[in-house]
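Visitor: Provided herewith is a single structure, encoded as structure tokens, for subsequent inquiry.
The values are calculated or read from the model by the stated rules, or taken from the named source; none is laboratory data. Everything numeric here is computed off the predicted structure, so don't read it as measured data. Because the Cβ atoms are built from the backbone with ideal geometry, glycine has one as well, and the counts that use them run over all protein chains shown. Note: areas computed on protein heavy atoms with side chains; ligands, DNA, RNA excluded. Shrake-Rupley method; radii C 1.70, N 1.55, O 1.52, S 1.80 Å.
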Amino acid sequence: MNLLLAGLTLVVVGTSSQLLLLDLLGKFKAPKSIKLLAPPALVLIITVSIYAVVRQLPLANLIWVGLIAGILGTVALDSIRIPGYLLGYMPLDLPLRFGTKALKLDNKFMLGMMPKVIGHVNEQMAKGVSPRSLMDGKGFPKLSVGVIRGFARPTMTEVLEQNKVPLWKVRLTGYLWHYSNGASFGIAHAVLFGTGPWIFTVGFGLLLAIVFLTIIRFLVPPMKPGLKLPAVVFLAHLAVIIVLGVVTQNYVTSAGDENSILRSIFERS
């Protein structure tokens, strides 16, 4: 029963990140997907959490420790990601894109970017720059982080002004989604591994970093990331690894650890 509940928890907390992946892949676009899937997922995880607390199940410890670790881990990530963005190493503040998706502004943002990107390519070609150096293997413009960054900020401002949506609303919505992802990863880590060895936490964090770098490719026009962008991403997720490991190692109880999915599977096999 505990293993079944742990599996259900893992599936439910994955909803936040799955909503983003479904949107990026064009399978189920936000905000419709959020309206249909987020409320039942929220009700389910609250119900499971309350049930675990009332029944005094070790799963309750895993959920709450994972929740706290995930939120603190996201704060740690942002302590590196945001300065990286402000220093110009990242093309845009990605939670803002989450906000445009949730508020049905994302297509307008991308349409606003297109003429700027095409204009830049035409300008560079007029200066004698080789088309091959401007395009990726599929014939799409491939721009530097700085160029994309220079287009993204004014385009975002134009779209928000045209649709009379305040920046704070987009930022708040996007960061709620961003921190929901972080909380869900924290819970998933705790439920999966408990106090499991650091190697699992390191692998978990590196996997998140690789997924994040992949996601960026869908959130911005094709770009030349250089070395600074991946460096910021991996340093930010190194901070996540440290926080997840320290919090779970110190606050997951022995009973919680014994009921983690990893330990339960090993004990059964």
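Visitor: Out of (1) hydrophobic (A, V, I, L, M, F, W, C); (2) in contact with a Lys or Arg (Cβ under 8 Å, 6 or more places away or on another chain); (3) within 13 Å of F185 (Cβ to Cβ), the odd one out for L219 is which?
Guide: Only one criterion in (1) hydrophobic (A, V, I, L, M, F, W, C); (2) in contact with a Lys or Arg (Cβ under 8 Å, 6 or more places away or on another chain); (3) within 13 Å of F185 (Cβ to Cβ) is unmet by L219, namely (3).
Visitor: Moving on. Could you grab me the full set of residues in the stretch 99-154 that are open to solvent by 60 Å² or more (accessible area, probe 1.4 Å) and of a type in the set (V, I, T)?
Guide: Listed by number, the list holds a single entry, I118.
Visitor: Here is a check on your reading of the model: is V165 more than 25 Å from the chain's Cα centre (by Cα), among the hydrophobic types (A, V, I, L, M, F, W, C) and closer than 20 Å to D93 by Cβ? Don't jump to the end; show me each part of the working.
Guide: Values: more than 25 Å from the chain's Cα centre (by Cα): no; among the hydrophobic types (A, V, I, L, M, F, W, C): yes; closer than 20 Å to D93 by Cβ: yes.
Spelling it out, it is not the case that V165 is more than 25 Å from the chain's Cα centre (by Cα), among the hydrophobic types (A, V, I, L, M, F, W, C) and closer than 20 Å to D93 by Cβ.
Visitor: In addition: When the stretch 104-134 is examined, which residues are found to be in contact (Cβ under 8 Å) with a residue 12 or more places away in the chain and of a type in the set (A, V, I, L, M, F, W, C)?
Guide: Correct list: L105, F109, M113, V117, I118, V121, L134.
Visitor: Can you name every residue in the stretch 65-90 that is within 17 Å of the chain's Cα centre (by Cα), open to solvent by less than 30 Å² (accessible area, probe 1.4 Å) and farther than 10 Å from A183 by Cα?
Guide: Answer for the stretch 65-90, where residues must be within 17 Å of the chain's Cα centre (by Cα), open to solvent by less than 30 Å² (accessible area, probe 1.4 Å) and farther than 10 Å from A183 by Cα: A76, L77, D78, R81, G84, M90.
Visitor: Output the residues belonging to the stretch 211-260 that are in contact with a Phe, Trp or Tyr (Cβ under 9 Å, 6 or more places away or on another chain), open to solvent by 20 Å² or more (accessible area, probe 1.4 Å) and assigned to a helix (DSSP H, G or I).
Guide: Residues satisfying the conditions are L213, K228, A231, Q249, Y251.
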